[in-house]
Amino acid sequence: MIFPKKGEPVIVQGITGKYGRLHTRFMLDYGTNVAAGTTPGKGGQSVEEVPVYNTVREAVDKTGSRSSVLFVPAEFTRVAGEEALEAGIKLLVLITEHVPIRDTLRLIQLGQSKGVTIIGPNCPGLIVPSERVKMGIMPAPSFSPGGVAVFSRSGTLMYEIAGQLTNAGFGQSVALGVGGDPVVGTLATECLDFAESHEQTKAVVVVGEIGGDAEERLAKHISRSAYKKPIVAYIAGRHAPKEKKLGHAGAIIYGDYGTAESKINALKGAGVSVAMTPMEVPDLVKAALAASA
Amino acid sequence: MRLFEFQAKELFRSYGLPTPRSVLAGDVKSVRGAFASLSPPVALKAQVLAGGRGKAGGIAIVSTEADAEREAKRIFDLSIGGEKPASLLVEEAYPHSSEWYLSVTLDRGDRSFVTIASTAGGIEVESMAGKVIRKVPLAGIDQAYADEVASLLKLDSGTAPQFAGMLLSLERLAREKECELAEINPLAVGNDGRLMALDAKVIIDDSALFRHPEFAKLHPEDEFEGEASRQGFAFVRLGGDIAVVGNGAGLVLSTLDLLGDAGGNPACFLDLGGGAQQERIEAALRLVNRLPGVDRVLVNIYGGITRTTDVAQGILTVLSEGRAKPIYARVSGAEEKLARALIADSPVKLYDTAPEAVQAVVRAA
């Protein structure tokens, strides 16, 4: 997992759409170098003075970028993602919600064969405050530079918790939304491995929710690898009904599979400090950092 | 989207998967007619999407017309997980000696579809002993794969080819119709050795429905869920008296937790979505105001791309239309001071934090 450094060029796929346009503006405002955009058939135009190309290949050739953030509609995400992977993109952020599961699986397979990091789909993207790099849709004012890495399945909870950390004086080394779908390109375990070797990161906050077993797998991974940095987790959905999809395609409990209780118990069992509400997170981070110092 | 059993069985038959003879009946009179056209004994099976149908009394085996009528009346009056059966599947009983399990399903953790098969079926898949689990390639499986699963299950030469054929059909169905789950439980082994899908469970990937318009109109839509879906909200009815509205799935989920901890009962989960505009909060408030059972509204907004001033304006607009349910709100984030000033003189009860708003809305009962 390698993120762009300050000033390194980034491509926006689907730059001429409503959200592509809006967030290109916000990413530029933050200081991110959006060097090119793509939309098939719109080559030659510009958006916020960023040149638009027909293909990712052209955009890569002109800018040398290896990172792309993708805003295209769900039904075209697979084709656009494959285009990026074939054009040599090494970091692909899929913001789009409602991508069919089998399209995501095909992208993940192709990405793995090419050694590409895929983030999302159905995610807010990533932000590295110290580098002024924002590849996503998160509101910049919630984030500040610092030593806490935040990884979240939910967008708004990531903003809310980052905002509270910022208010409490804990900036973020990176904040990354892995996505709310049943299957996503980057696993929580991979995020933790990154954070462990990431020098600026002093503590990790994991924001999970009901559905699937990503948090249970994460807990096993933490125990097995004797993880070295302090971790604080928050899991949403303790009072969620079963068999109902709650907002995210992946947020659903089947029988006893995917309950918040199972996730909280697993993480506690692995020595993770678990917050019962988002508001408790900054205090637990403070305590965890003090204990590890 | 989960299909009703009768829909899933129609799909099964179109893929050549054997199912018992059956007739769908929408009322007691039709059940009598269906009973007369089949060979008893027959099963009457409530068509609901909620789990635990058998335990709730939603299935009966009957041998006479009088029993069929009495049991049909009883089942039509049931509420299974809050759901009233709109129809019964009247199905010939299938004499069988054992029950197996077969499914093609998404394994989220392994990020792959898998075949799960067992000759100890009829129970929860998690606790099934001796089950065979094999990854399913995205391009599909072939005869050799199906034969291998049959051989791992140690099936005899009479049933192995039938089983392999069913697995091939089920996998093709799951792939072509983009199912998250296609399950036969139980898969019955008849007294004559013929295999039969006694139950059918199919969940279609909601995100893939645009490629499968044939499923679009299968469900009778709840009025409110229909409107919410046209507005682009994520919406689930929960039956309590406090409507919960917020921006972002995780934020609304965490609001439900705060409410639950404080002893409140949510009437619904409503996620406005990211980047919500004034019109969206207005549409959401109008919707929950009309929702039966709603007494108060809890609004939790963390403004980022969503402008809190737009939210405040939307709340004011709906209040000015009259008859709005009391609103307890927490509005934080970008431009929050402006937003708070806008609604300071309105009847909206405004709190600095989500827990405070939750405490207040619960106490107001």
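Give me the percent of DSSP beta bridges within the protein assembly as shown that run antiparallel, rounded to the nearest 5.
On the way: 55 of 112 bridges.
Here the antiparallel bridges make up roughly 50 percent for the protein assembly as shown.
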Problem set entry | Protein-only accessible surface order, largest first, of A:Asp256, B:Asp107 at 1.4 Å | A:Asp256, B:Asp107
Seminar exercise, completed: Rounded to the nearest 10 Å², the accessible area of B:Tyr302 using a 1.4 Å probe with every protein chain kept is 20
For this session: May I ask you to list the trypsin sites (Lys or Arg not before Pro) in region B:316-358 that are in a DSSP loop and have at most 14 other Cβ atoms within 10 Å of their Cβ?
Result: B:Arg323
Problem set entry | Average accessible area per residue (Å²) across region B:21-92 - probe 1.4 Å, nucleic acids and ligands excluded | 47
For this session: Please determine, in degrees from 0 to 90 and to the nearest 10, the orientation of helix B:65-76 with respect to the longest principal axis defined by the Cα atoms of chain B, where the helix direction is its Cα long axis.
Result: 30
Exercise. Which FRET efficiency, nearest 0.05, do B:Ala364 and A:Asp283 yield, Cβ-Cβ r, R0 25 Å?
Worked result: 0.30
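How charged is the neighbourhood of A:Gly269? Take every other residue with its Cβ under 15 Å from the Cβ of A:Gly269, and add Lys/Arg as +1 and Asp/Glu as -1. It would help to have the intermediate numbers written out before the result.
Numbers: positive: A:Arg217, A:Lys220, A:Arg224, A:Lys263, A:Lys268; negative: A:Asp213, A:Glu215, A:Glu216, A:Glu261.
Counting the neighbours of A:Gly269, the net charge comes to +1.
Evaluate Rg over Rh across chain A, taking Cα atoms for both radii and Kirkwood's formula for Rh.
Working: Rg = 18.5 Å, Rh = 19.1 Å.
Over the Cα atoms of chain A, Rg/Rh equals 0.97.
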For this session: Averaging sequence separations of C-alpha pairs under 8 Å and six or more residues apart, then dividing by the length of chain A, give the relative contact order as a whole percent.
Result: 13
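Using 0.36 nm per residue of separation minus the Cα-Cα distance, give me the extension gain between B:Asp345 and B:Ser151 in nm, one decimal.
Values: separation 194, 0.36 × 194 = 69.84 nm, distance 7.42 nm.
Full-extension gain reported as 62.4 nm.
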For this session: May I ask for the net charge around B:Ala68, where only other residues with Cβ less than 14 Å from the Cβ of B:Ala68 are counted and Lys, Arg are +1 while Asp, Glu are -1?
Result: -1
Exercise. When only the heavy atoms of the protein chains count and the probe is 1.4 Å, how do B:Asp310, B:Asp77 rank by accessible area, highest first?
Worked result: B:Asp77, B:Asp310
For this session: Provide B:Ser169, B:Ser127 ordered by accessible surface of protein heavy atoms (probe 1.4 Å), highest first.
Result: B:Ser127, B:Ser169
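Applying 1/(1 + (r/R0)^6) with R0 = 51 Å to the Cβ-Cβ distance of A:Leu22 and B:Ser14, what FRET efficiency is obtained, to the nearest 0.05? Kindly include the intermediate steps, with their values, before the conclusion.
Numbers: r = 44 Å, r/R0 = 0.87.
For R0 = 51 Å, the calculated efficiency reads 0.70.
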Seminar exercise, completed: A correct Karplus calculation of ³J(HN,Hα) over region A:72-87, with 6.51 cos²θ - 1.76 cosθ + 1.60, θ = phi - 60°, whole Hz and x for Gly and Pro, returns 6, x, 3, 5, 10, 4, 4, 5, 5, x, 4, 4, 4, 5, 5, 8
For this session: Please say if region B:142-208 is rounded, prolate or oblate, where rounded means a/c under 1.5 for a ≥ b ≥ c the square roots of the C-alpha gyration tensor eigenvalues, and otherwise the choice is prolate for a/b larger than b/c and oblate otherwise?
Result: oblate
Exercise. Hey, what do the phi angles of region B:95-109 turn into as Karplus ³J(HN,Hα) couplings, whole Hz, using 6.51/-1.76/1.60 and θ = phi - 60°, x for Gly and Pro?
Worked result: x, 9, 9, 8, 10, 10, 9, 8, 8, 10, 8, 7, 9, 4, x
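Between B:Ser39 and B:Leu78, take the C-beta separation as r, use R0 = 25 Å, and let me know the FRET efficiency to the nearest 0.05.
Working: r = 26 Å, r/R0 = 1.04.
Calculated transfer efficiency: 0.45.
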For this session: Ignoring ligands, DNA and RNA and using a 1.4 Å probe, state the total buried accessible area between B and A in Å², rounded to the nearest 100.
Result: 4100
Exercise. If you take the square roots of the eigenvalues of the alpha-carbon gyration tensor of chain B and sort them as a ≥ b ≥ c, do you get rounded (a/c under 1.5), prolate (a/b over b/c) or oblate?
Worked result: prolate
Problem set entry | Degrees, to the nearest 10: B:249-261 long Cα axis against longest axis of chain B | 80
Exercise. Where in region B:64-168 are there GluC sites (Glu not before Pro) that are in a DSSP coil and have at most 16 other Cβ atoms within 10 angstrom of their Cβ?
Worked result: B:Glu124
Exercise. For the residue pair B:Asp261 and A:Ala290, what label-to-label distance in nm results when each label sits 7 Å from Cα along the Cα-to-beta-carbon direction?
Worked result: 2.0
For this session: Amide H neighbours of A:Ala251 under 5 Å, at least 5 residues apart or on other chains, H built in the peptide plane: list them.
Result: A:Leu246
Seminar exercise, completed: Relative contact order of region B:96-215 (C-alpha contacts under 8 Å, at least 6 apart) in percent is 28
Seminar exercise, completed: By the C-alpha gyration tensor axes a ≥ b ≥ c (rounded if a/c is under 1.5, else prolate when a/b exceeds b/c, else oblate), the shape of region B:217-295 is oblate
For this session: Excluding residues fewer than 8 places away in the same chain, name every one of the lysines whose C-alpha is closer than 25 Å to that of B:Lys84.
Result: A:Lys242, A:Lys244, A:Lys245, B:Lys9, B:Lys29, B:Lys45, B:Lys55, B:Lys73, B:Lys201, B:Lys217
Exercise. With every protein chain present, what accessible area does B:Arg111 have (1.4 Å probe, heavy atoms only), rounded to the nearest 10 Å²?
Worked result: 40
Problem set entry | Percent RCO, i.e. relative contact order, over chain B, from Cα pairs under 8 Å lying at least 6 residues apart | 12
Problem set entry | Estimated dipole of the protein assembly as shown in Debye, rounded to 20 [Cβ of Lys and Arg +1, of Asp and Glu -1, Cα centre] | 740
Problem set entry | Per-residue SASA entry for A:His239, accessible area with 1.4 Å probe, Å² rounded to 10 | 80
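Taking GluC sites (Glu not before Pro) that fall in a DSSP loop and have at most 14 other Cβ atoms within 10 Å as cut points, what is the longest piece of chain A between them?
Working: sites that count: A:Glu49, A:Glu199, A:Glu243.
Counting only loop sites that pass the neighbour cut-off, the longest clear stretch is A:50-198.
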Seminar exercise, completed: Per the charge dipole of chain A (beta-carbon charges, Lys/Arg positive, Asp/Glu negative, Cα centre), the residue among A:Gly155, A:Leu22, A:Ala270 reaching farthest to the positive end is A:Ala270
For this session: With a cut-off of at most 12 other beta carbons within 10 Å, and DSSP calling the residue loop, which trypsin sites (Lys or Arg not before Pro) in region B:1-64 qualify? Please list them.
Result: B:Arg21, B:Lys55
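Could you please state how large a percent of the accessible area of chain A is carbon and sulfur, counting protein chains only and using a 1.4 Å probe?
Details: 5590 of 10790 Å².
Accessible surface attributable to carbon and sulfur in chain A totals 52 percent.
May I ask you to give the solvent-accessible area per residue for chain A, in square angstrom, as obtained with a 1.4 angstrom probe? Display every interim value, and only then the final one.
Values: 10790 Å² over 293 residues.
With all protein chains present, chain A gives 37 Å² per residue.
In whole percent, and with a 1.4 Å probe on the protein chains, what portion of the accessible area of chain B is carbon and sulfur? Could the numbers behind the result be given before it?
Working: 7650 of 15090 Å².
Here it works out to 51 percent.
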Exercise. What list of ³J(HN,Hα) values in whole Hz, one per residue of region B:168-179 in order, does the Karplus curve 6.51 cos²θ - 1.76 cosθ + 1.60 (θ = phi - 60°) give from phi, with Gly and Pro shown as x?
Worked result: 4, 5, 5, 5, 5, 4, 4, 6, 5, 9, 6, 7
For this session: Using a cut-off of 10 Å between beta-carbons, work out the net charge of the residues near A:Phe170 (Lys and Arg +1, Asp and Glu -1, A:Phe170 not included).
Result: +2
For this session: Would you mind computing, in nm to one decimal, how far apart the modelled labels at B:Glu225 and B:Leu338 are, each placed 7 Å from Cα along Cα→Cβ?
Result: 3.9
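The values are calculated or read from the model by the stated rules, or taken from the named source; none is laboratory data. Computed from a prediction, not measured in an experiment: that's the story for all the values here. Here the Cβ is made from the backbone with ideal geometry for all residues, glycine too, and neighbour counts use every protein chain on show. Keep in mind that these areas ignore ligands, DNA and RNA; they rest on the heavy atoms of the full protein, side chains included. Shrake-Rupley method; radii C 1.70, N 1.55, O 1.52, S 1.80 Å.
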